[in-house]
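The structure appears right after this line, and notes come after that.
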Amino acid sequence: YNIPENTDVQLSVFNILGQEIAGLVNEKQTAGHYVIEWDGKNNSGQKVASGIYFYKLDAGEFKQVKKMLLMK
């Protein structure tokens, strides 16, 4: 993802029920390009099942939710 200006960023992964299972980013970041790779583990460090998940990116005024597929 790209951030045009310094801002607080939150990037989280949710299951199909809308429950947050992994918080990937929760910090202030400077403007620039970022690449995040999710290892398929929840916040407790346990591997999650294959299936459909959603990620939510909040960066200042920008908010986006996208669907993704985890395959093992």
Roll a 1.4 angstrom probe over the protein heavy atoms and tell me the percent of accessible area of the chain that is carbon or sulfur. 49 percent
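Taking the Cα centre of the chain as origin and charging only Cβ (+1 Lys, Arg; -1 Asp, Glu), how large is the dipole, in debye to the nearest 20? Kindly include the intermediate steps, with their values, before the conclusion.
Details: 8 positive and 8 negative charges, 80 e Å.
Taking the Cα centre of the chain as origin, the dipole is about 380 debye.
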Cα lying deepest toward the dipole's positive end in the chain, options Leu69, Ile36, Gly23, charges on Cβ: Leu69
With a bin width of 5 angstrom, please list the P(r) values of the chain as percents of all Cα-Cα pairs, from the 0 bin to the one holding the largest distance. 4, 15, 28, 23, 15, 10, 4, 0
For the chain, dividing by residue count, accessible area per residue (probe 1.4 Å) in Å² works out to 72 Å²
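The values are calculated or read from the model by the stated rules, or taken from the named source; none is laboratory data. Being a predicted model, the structure only gives us computed values, none of them experimental. Please note: Cβ atoms are built from the backbone with ideal geometry, for glycine as well, and neighbour counts cover all protein chains shown. The area values use the complete protein model at the heavy-atom level, side chains included, leaving out ligands, DNA and RNA. Shrake-Rupley method; radii C 1.70, N 1.55, O 1.52, S 1.80 Å.
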